[in-house]
Every structure is written in structure tokens, then in C-alpha cells.
Amino acid sequence: MQLGHLMPLTDIGSEPAAVREYAERAQAIGYDFLEAPDHVLGVNAASRPDWDRTTSAELFHDPFVLFGFLAAVAPKLGFATGVLILPQRQTVLVAKQAASLDVLCGGRFRLGIGIGWNEVEFVGLNENFHNRGRRSEEQVAVIEALWKEPHVVFEGRWHKIGDAGINPRPVAGKVPVWYGGHHEKTLERIAKYGDGWMPNRYPPGNEALEVFGRLRALTEAAGRDPKSVGIEVWVSMGEGKEEDWRKEAEFWKKAGASHLCLTTAFNRHHHRRIAGRSLSDHLAAMRRYHAAVAEAL
């Protein structure tokens with residue numbers, strides 16, 4: 001399994017020196033990849049007293065800009081979006097940005113995508129919130145066509161390209177596309193089109209094993225090899241000790257996970273964040289977790 005870390009940007013800040021040090025240390029400790037979430041707009045909590053999700057107080061660098069910066073800073077690390085809200089962005093532009101990043105980082109990028117939940121962002125970005133799931137399927141088809149061929153003719157329900165293409169294109173002809181989300185429709189899309197899945201809702205146990213088995217069955221039914229579809233599981237360390245973390249990593253490896261993504265600031269579902277909020281707190285936690293699970297990977 002590969003081991004990565006979800007970047008705790010709200011805690012460590014947006015300054016170049018902090019982001020650089022964080023990436024350099026992650027690489028030196030032995031992490032395989034860094035992951036960053038995507039939000040373009042955060043609501044003003046003062047005007048929405050009942051709002052309990054992402055607000056403007058939380059910090060999100062644009063993932064393509066962030067990873068473009070880090071690609072040269074940490075030349076051994078992979079990068080992944082966890083996840084990019086695809087249907088709130090222009091499809092052809094995402095294809096171009098992902099291809100450019102892929103070229104500049106030497107093929108170390110995975111495009112994790114989701115359909116989103118925050119209608120405020122869709123309105124602000126002038127995209128339709130209500131057809132986002134169906135539209136995302138066509139978006140992936142458009143993106144992968146632009147990656148594969150120098151010129152594309154495409155006419156679908158939401159996209160029209162008249163014999164045009166992007167340059168540069170990914171060296172391998174595509175960027176791995178991984179899906180976030182837990183809806184049954186998401187599993188169906190992964191089985192048909194995806195290179196991997198990024199669930200964060202399941203603790204180790206029978207529920208996770210059952211849904212992993214369902215994804216493999218759907219993948220086989222779609223005529224694909226289940227082993228070709230990776231699974232990235234989020235883990236946390238706000239509770240428990242080294243032995244607990246190691247046993248959890250062993251469970252996920254046995255269950256067939258290909259990637260673990262440590263989150264030290266995520267505090268939803270069964271995950272609990274660490275107490276500290278400084279750069280040094282997160283780096284210390286990363287070192288401690290890596291030392292605990294390295295042999296289980």
C-alpha cells in the first residue's frame with residue numbers, strides 16, 4: 001500500500017514557506033503522496049447560523065496551483081485531489097489543467113473527482129447543481145478523449161467540441177481518475193470508468209468489506225478486472241495508539257486497499273483530528289504514524 005497525507009492547510013496556513021516545509025518533510029519521512037481537497041467558495045457563517053459545513057474560515061488552495069508549486073519542491077511525492085468537484089468546473093479546462101500538471105510532475109498525479117454537495121459554489125461558478133451527477137459522466141468522457149487524442153470531435157448532451165484538442169497531453173495518454181463519494185451510483189461509475197475509489201466513511205469492519213465486495217462484483221459485471229481499480233481509505237490518529245493504527249493498516253491491506261491517506265485535521269464520520277494545530281504538531285503526528293504503520297504497508 002502507498003501512504004499519503006491529506007494536507008491540513010487551514011491549520012498550517014497558505015504561505016509558501018509553510019507549504020514547502022510541509023511537503024519536504026513528508027517526503028523525507030517516507031510518505032508516498034500528498035492529497036488536497038477542493039472548495040472554491042466558502043460561505044459566510046455569520047449570515048448562516050445553522051450552517052455546519054465548509055465556511056470561508058477554512059483555507060483551500062486551488063489544487064492545480066498548489067501541486068504545480070509542490071511538484072518541483074518534492075520530486076518524489078505523488079499528488080491527488082481528494083476530491084475535485086468536477087461538475088462545478090469547466091470540463092475542457094479541467095482536462096487542460098490536469099494534463100499540464102501531469103506533464104510538469106512527471107506523471108505523479110491522480111485526479112480524484114466528486115460531484116459535490118454545496119449548491120452555493122455551483123451558483124457562484126455558474127454551473128447547474130441539479131444535474132451534476134449525470135453531467136459528470138459526460139465530463140469524464142470528454143476529459144479522457146482530450147487526453148487520448150490530439151484532436152477531438154464530441155457532441156453530447158452538455159458538451160460540444162468541433163475538431164480541437166489540448167496541448168500538452170498526458171505522457172501516458174491519460175491521468176488516473178479516482179472517484180470520491182458513497183452513493184450506489186458512484187460505485188457503478190467507478191466500476192465502468194474509474195481507476196480507483198476514495199471512500200472516507202467506513203471504519204474497519206464488515207460494512208467496508210461488504211461494499212468493497214460490491215464494487216468488485218460491479219467491476220466484473222462491467223467486463224473489467226477488479227484488481228485494476230484501486231481503493232484509497234482515509235485513516236486518522238486523533239484516537240488510539242500505535243498498536244491500534246498498525247492493526248487498522250493491516251486490516252485495510254488485507255481488505256485490498258491500495259492506498260492509505262492519513263488525515264490529521266479531518267473530524268467527521270469516525271475520524272478524529274489531532275489536538276495540535278501548528279505545522280510542527282502535524283509534522284510530529286506524521287512521523288509518529290509513519291513509524292507505527294511502516295511495516296504493515
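Where a number appears in this text, it was derived from the coordinates with a stated rule and is not lab data. Computed from a prediction, not measured in an experiment: that's the story for all the values here. Every residue, glycine among them, receives a Cβ derived from its backbone with ideal geometry; neighbour counts consider all protein chains shown.
Let me know the Kirkwood hydrodynamic radius for the stretch 3-99, please, with Cα pairs as the basis and the value in Å to one decimal. Radius from the Kirkwood sum: 14.6 Å.
Using a 10 Å cut-off on Cβ atoms, rank the peptides 143-151, 216-224, 19-27 from the highest mean neighbour count down.
Details: 143-151: 17.4, 216-224: 14.8, 19-27: 19.6.
Top to bottom by mean Cβ count within 10 Å: 19-27, 143-151, 216-224.
Please list, by residue number, everything in the stretch 92-113 whose backbone N is under 18 Å from a paramagnetic label point 7 Å out along Cα→Cβ of residue 65. Under 18 Å, as judged by backbone N against the label point of residue 65, lie 93-102 of the stretch 92-113. Quick one: angle between helix 63-73 and the longest Cα principal axis of the chain, in degrees between 0 and 90, rounded to 10, please. For helix 63-73, the angle is close to 60 degrees.
Under 11 Å from a label point set 7 Å out along the Cα-to-Cβ vector of residue 284, no amide N atom of the stretch 14-35 is found. In plain terms, if you count all Cα to Cα distances in the chain and split them into 10 Å steps from zero, the share in each step is 6, 27, 36, 25, 6, 0 percent.
Helix 279-293 and the longest principal axis of the Cα set of the chain meet at an angle near 80°. A straight line joining the Cα centroids of the stretch 6-34 and the stretch 229-297 runs 16 Å.
Once the convex hull of all Cα atoms in the stretch 56-154 is built, its volume per residue stands at 103 Å³.
Could you work out how far helix 132-148 tilts from the main Cα principal axis of the chain, as a 0 to 90 degree angle to the nearest 10? Orientation of helix 132-148: about 80 degrees from the principal axis. Between the C-alpha center of the stretch 142-184 and that of the stretch 46-79 there is a gap of 24 Å. For the stretch 153-194, applying the loop criterion from DSSP together with a ceiling of 16 other beta carbons within 10 Å to the GluC sites (Glu not before Pro) yields no site.
Pairwise Cα distances in the stretch 170-297 exceed 20 Å in 48 percent of cases. Using the rule -39500 (n - 2.57) for each DSSP H run of four or more residues, divided by the residues of the chain, the 222 nm mean residue ellipticity is -12500 deg cm²/dmol.
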